[in-house]
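S.K.: Provided herewith is a single structure, encoded as structure tokens, for subsequent inquiry.
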2 protein chains.
Amino acid sequence: MNAALLSQVYEAMTQFDIERAITLVAGMKKADIAEVLEHMPAQFSCQLLEHLPRRAKIFAKIDPAYQAKLVHEFSRASLAEIVSEMPSDKRTDLFKRLDSQEQQALLPALAQAQREDIRRLSTYQEETAGAIMTSEYVTLNQDMTVAEAMQTIRLQAPDAETIYESYIIDEKRHLIGVVSLHELVLAPLQQLIRELMNTDVVSAYVDDDQDEVAKKIAHYDLIALPVIDHQGTLLGIVTYDDAMDVASEEANEDFLKVGGVEASAPSLNIKEASLFLLYRKRVFWLVILVFGSLLSGLGISHFESVIQSNIVLVFFLPLLVGSGGNAGSQSATLMVRALATGDVVMKDWFKLLGRECLVALGLGITMAIAVAILGYIRGDAMVALVLILSMIGIVLIGSIIGMSLPFILDKLGLDPASASAPLVTSICDATGVIIYLFIAAQLLNQVNI
Amino acid sequence: MNAALLSQVYEAMTQFDIERAITLVAGMKKADIAEVLEHMPAQFSCQLLEHLPRRAKIFAKIDPAYQAKLVHEFSRASLAEIVSEMPSDKRTDLFKRLDSQEQQALLPALAQAQREDIRRLSTYQEETAGAIMTSEYVTLNQDMTVAEAMQTIRLQAPDAETIYESYIIDEKRHLIGVVSLHELVLAPLQQLIRELMNTDVVSAYVDDDQDEVAKKIAHYDLIALPVIDHQGTLLGIVTYDDAMDVASEEANEDFLKVGGVEASAPSLNIKEASLFLLYRKRVFWLVILVFGSLLSGLGISHFESVIQSNIVLVFFLPLLVGSGGNAGSQSATLMVRALATGDVVMKDWFKLLGRECLVALGLGITMAIAVAILGYIRGDAMVALVLILSMIGIVLIGSIIGMSLPFILDKLGLDPASASAPLVTSICDATGVIIYLFIAAQLLNQVNI
């Protein structure tokens, strides 16, 4: 984002010099103009959009949350024109963000076909293939020649989101084949589509998760993925650029979850989100963790007398407890990511557990050596021994918990990313306290266990 | 991945029944066959590849790390044939993974042009546009008609990674325009390319970071992005599917970093990576954190006598210390992600700091209320007061540290994702110990500060 240009446009708008503002952005790419508009007050953005050519296309590139804000500023005629010309998936997205009063005001301004399209597309559940597909694509008939197909594509092009893939349907709209423009361009003009088309079509069901759709598009390097119902009827397509958006949204959610922030679509923007929303997204995990920490507290209170007579134990408490939590959150992070990218599946669990134990043992021994020296300096040989045994046990058990929790959540049908660092940390902390103080009580000859 | 099919193929191969194995995979998509091969022993994969049609294309879809393993199993003739037919970017990728002896064995088997292409492409630095670009694309001349351009595209199609974007170059190979197949198909056959082409081309420099390239492709919804040198000479293109791979690789790295696992390309696969590699990637942060925790330990030892005379304080120690670390790692997570997605920039810092303080105050008060009740039950009103003041202070300061650290790292030119949860947690923990015990010492009338 060019900050200098942004402030020039802003300045021009505050001086009511719309013409200068228009000149400044006129030569820019649609996506860049959209970005400029997103950084302006809604009123300015609308004034600019009223005067810009290709305004529906620019509007479609604006972040949907901001689109919904702009809706109130447009005259009804402009709004109807812009919304009519938006791609059908973006239009439905916007529609779903409006409140029911706004929705009712918008619908009559649209053509009958568009109203039905919006109604149909907005019935699909969020985060499914249906919710992100567009209904604008090229369909062909298998009895056409390549020349006829090219003519059909030319006619349908203005309304299609892509012409690089065309879908062949039968009279009941069942999807029976796909042909790429690449293949059409290379084929003889008189060849029949039925001979040229690929009948083994990669497709998604309308109720598939959007994440699955994005993965399929990436796996097969597709430009677009057709979406069908369970009878095989073609309902829409998802294009690769929308799949890229989905993939980055999902990565974002996982990232926030592992950091203990509750994530949900529409994704959280730290700059724009209301203070209360930020509070609400964060308070859940923090309060859970307060009660999680009480487990550690209970562990400690059970061993109060061993602490009181060996106060040096408190010096090492944060270190030992923290190490278990850290080792655990590391292995949870690796595992959550591996599950998300499909690198590992359930049946790998036992093999992975064995590997994890060996790695954790190595880590535990390394760290035990580091703290044993400190333990000997601040305490005595016995304290050093307590630290060595505790550290190895804590890192080992922490890693096993961190590795297992995402699998357990996955098995329970919950999102493994919820095995976020804070949750694992909290469980490992409490386990660590108990291991440490139990070993200390044994070795330092206390009897209060 | 279909596990049943996988074991059928595996069984057929162990029984030397290659024909059955071939029949099992023959109808599958290239990407799926590649996935089957990745799950077989190298020897079996090679035997299958020797007999499969389209083997170069299937081989190109296999994970590069596994490709390098397969290289040793092929006969020299097969290897030369497969490597010759790979797309140039994948071929260079593979070449870079071979040791110098293997490289020297491969080069003579390739045609002169391919050898030079490999040499040229492998000189670009890792993680730049040059390292991920391919040299197979369609070029046109601005004086061609649309009909001539279409003919040129048909001729170049077999060797091009995409024909959906064609690049117009002058006699010095300077990039002067771009035209999509979409535009060509809709244009009159006699129109000149110079009239049709878009001269305002979105491009990347060969030394741009691969992450920038992926962002550009997503931002402008491109099918391919041309890569030029600083004189404007066209050197290659990066296609959208490679950009998707880059984006998911970068998200993966950030995710691992925030979990305190050292990340670097080639990315870590928890199932395949050697135990020592997994150990090495994790031990760094864990040992750093051991020393981080010592800060907390030092804080505690400074206040040992206040603890000894108020042992109830130890009960709440993990809770208060943990809360600061958790709040801090939450705000660090939000900030790291916001910096990575470009949602916030440096100049937003002060505004964000103000917002963060308000949110943290809200969080601190909520949590203070929860623990104050517990403090009153286990201790007395004075302990409750210590807890309230400590909790608010700790959450506030933890959040400010969590918010600031990614910015500071960014300013220092370091990767903000290194402000990983463990680092922030460790700093916040120590700060929390000091705040808590300092307030306790003051209010519980101790004099040892």
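S.K.: Looking only at segment A:56-93, how many residues end up being among the acidic types (Asp, Glu) and touching a Cys at 6+ places or on another chain (Cβ under 9 Å)? Full working, then the answer.
M.R.: Here is the first cut: in segment A:56-93, the residues among the acidic types (Asp, Glu) are A:63, A:73, A:81, A:85, A:89, A:93.
Now narrow it down to the ones that are touching a Cys at 6+ places or on another chain (Cβ under 9 Å): A:73.
Final tally of qualifying residues: 1.
S.K.: Related question: Looking at A:ALA3, A:ALA65 in this structure, which one is at pLDDT below 85, under 23 Å from A:GLN103 (Cβ atoms) and surrounded by fewer than 20 Cβ atoms within 10 Å (Cβ to Cβ)?
M.R.: Working: A:ALA3 fails: under 23 Å from A:GLN103 (Cβ atoms).
After applying the criteria, what remains is A:ALA65.
S.K.: Out of curiosity, is A:VAL185 in a strand (DSSP E or B) and in the same structural domain as A:VAL238 (by the TED database)? Talk me through it step by step, then tell me what you get.
M.R.: Values: in a strand (DSSP E or B): no; in the same structural domain as A:VAL238 (by the TED database): yes.
No.
S.K.: On the given criteria, is A:LEU374 surrounded by 19 or more Cβ atoms within 10 Å (Cβ to Cβ), more than 8 Å from every other protein chain (Cβ to nearest Cβ) and more than 34 Å from the chain's Cα centre (by Cα)?
M.R.: no
S.K.: Please go through (1) at pLDDT below 95; (2) more than 9 Å from every other protein chain (Cβ to nearest Cβ) for A:ALA247 and return the number of the only condition it doesn't satisfy.
M.R.: (2)
S.K.: Could I ask something else about it? From the residues in segment B:274-302 that are farther than 26 Å from A:ILE307 by Cβ and among the hydroxyl-bearing types (Ser, Thr, Tyr), which one is nearest to the other protein chains (Cβ to nearest Cβ)?
M.R.: If we take residues in segment B:274-302 being farther than 26 Å from A:ILE307 by Cβ and among the hydroxyl-bearing types (Ser, Thr, Tyr), then B:TYR279 is nearest to the other protein chains (Cβ to nearest Cβ).
S.K.: Looking only at residues in segment A:294-347 that are under 19 Å from B:CYS428 (Cβ atoms) and within 25 Å of the chain's Cα centre (by Cα), which one is modelled with the highest pLDDT?
M.R.: That would be A:GLY328.
S.K.: Tally the residues that are buried (at least 17 other Cβ atoms within 10 Å of the Cβ) and in a loop (DSSP other than H, G, I, E, B), restricting the search to segment A:192-207.
M.R.: The number of residues fulfilling the criteria is 4.
S.K.: If we only count helices (runs of 4 or more DSSP H) wholly inside segment A:5-77, which ones have 3 or more residues that are under 30 Å from A:LEU107 (Cβ atoms)? Give the steps one after another, and end with the answer.
M.R.: On the way: elements: A:18-26, A:30-38, A:42-51, A:55-61, A:64-70.
Passing ranges, in order: A:30-38, A:42-51, A:55-61, A:64-70.
S.K.: Looking at (1) surrounded by 21 or more Cβ atoms within 10 Å (Cβ to Cβ); (2) assigned to a loop (DSSP other than H, G, I, E, B), find the lone condition where A:ILE237 falls short.
M.R.: The single condition A:ILE237 does not satisfy is (2).
S.K.: Right, something else. Could you tell me how many of the residues in segment A:210-234 are within 10 Å of chain B (Cβ to nearest Cβ), within 18 Å of A:TYR167 (Cα to Cα) and assigned to a helix (DSSP H, G or I)?
M.R.: 2
S.K.: Another question, then. Quickly run through segment B:377-389 and pick out the residues that are within 14 Å of another protein chain (Cβ to nearest Cβ) and without any contact (Cβ under 8 Å) to a residue 24 or more places away in the chain.
M.R.: To start, the set of residues in segment B:377-389 that are within 14 Å of another protein chain (Cβ to nearest Cβ) comprises B:377-379, B:383, B:387-388.
B:ILE377, B:ILE388, listed by residue number.
S.K.: Would you confirm whether any residue within segment B:82-103 is in contact with a helix residue (DSSP H, G or I) (Cβ under 7 Å, 6 or more places away or on another chain), modelled with pLDDT of 85 or more, aliphatic (A, V, I, L, M) and surrounded by fewer than 18 Cβ atoms within 10 Å (Cβ to Cβ)?
M.R.: Quick first cut of segment B:82-103, residues in contact with a helix residue (DSSP H, G or I) (Cβ under 7 Å, 6 or more places away or on another chain) only: B:82-95, B:97-98, B:102-103.
When the remaining residues are screened for being modelled with pLDDT of 85 or more, the result is B:82-95, B:97-98, B:103.
Pick out the ones that are also aliphatic (A, V, I, L, M) and you get B:82-83, B:86, B:94, B:98.
Cutting the leftovers down to surrounded by fewer than 18 Cβ atoms within 10 Å (Cβ to Cβ) gives us B:98.
Yes, segment B:82-103 contains at least one residue that is in contact with a helix residue (DSSP H, G or I) (Cβ under 7 Å, 6 or more places away or on another chain), modelled with pLDDT of 85 or more, aliphatic (A, V, I, L, M) and surrounded by fewer than 18 Cβ atoms within 10 Å (Cβ to Cβ).
S.K.: With B:ALA147, B:ALA129 as the choices, which residue is surrounded by fewer than 17 Cβ atoms within 10 Å (Cβ to Cβ) and at pLDDT 85 or above? Steps first, answer last, please.
M.R.: Numbers: B:ALA129 fails: surrounded by fewer than 17 Cβ atoms within 10 Å (Cβ to Cβ).
Answer to the check: B:ALA147.
S.K.: Does segment B:45-53 include one or more residues that are in contact (Cβ under 8 Å) with a residue 12 or more places away in the chain, acidic (Asp, Glu) and buried (at least 19 other Cβ atoms within 10 Å of the Cβ)?
M.R.: no
S.K.: When you check B:THR239 against the structure, is it in contact with a His (Cβ under 7 Å, 6 or more places away or on another chain), among the β-branched types (Val, Ile, Thr), at negative phi and in contact (Cβ under 8 Å) with a residue 60 or more places away in the chain, yes or no?
M.R.: On the way: in contact with a His (Cβ under 7 Å, 6 or more places away or on another chain): no; among the β-branched types (Val, Ile, Thr): yes; at negative phi: yes; in contact (Cβ under 8 Å) with a residue 60 or more places away in the chain: yes.
Spelling it out, it is not the case that B:THR239 is in contact with a His (Cβ under 7 Å, 6 or more places away or on another chain), among the β-branched types (Val, Ile, Thr), at negative phi and in contact (Cβ under 8 Å) with a residue 60 or more places away in the chain.
S.K.: Taking the options A:SER305, A:SER329, name whichever one is of a type outside the set (A, V, I, L, M, F, W, C), within 9 Å of another protein chain (Cβ to nearest Cβ), in a helix (DSSP H, G or I) and more than 27 Å from B:ALA368 (Cβ to Cβ). Even if it seems obvious, please write down each step before you answer.
M.R.: Values: A:SER329 fails: more than 27 Å from B:ALA368 (Cβ to Cβ).
Only one candidate qualifies: A:SER305.
The values are calculated or read from the model by the stated rules, or taken from the named source; none is laboratory data. Remember, it's a predicted structure, so these values are computed and weren't measured experimentally. All Cβ positions, glycine included, derive from the backbone under ideal geometry; neighbour counts span all protein chains shown.
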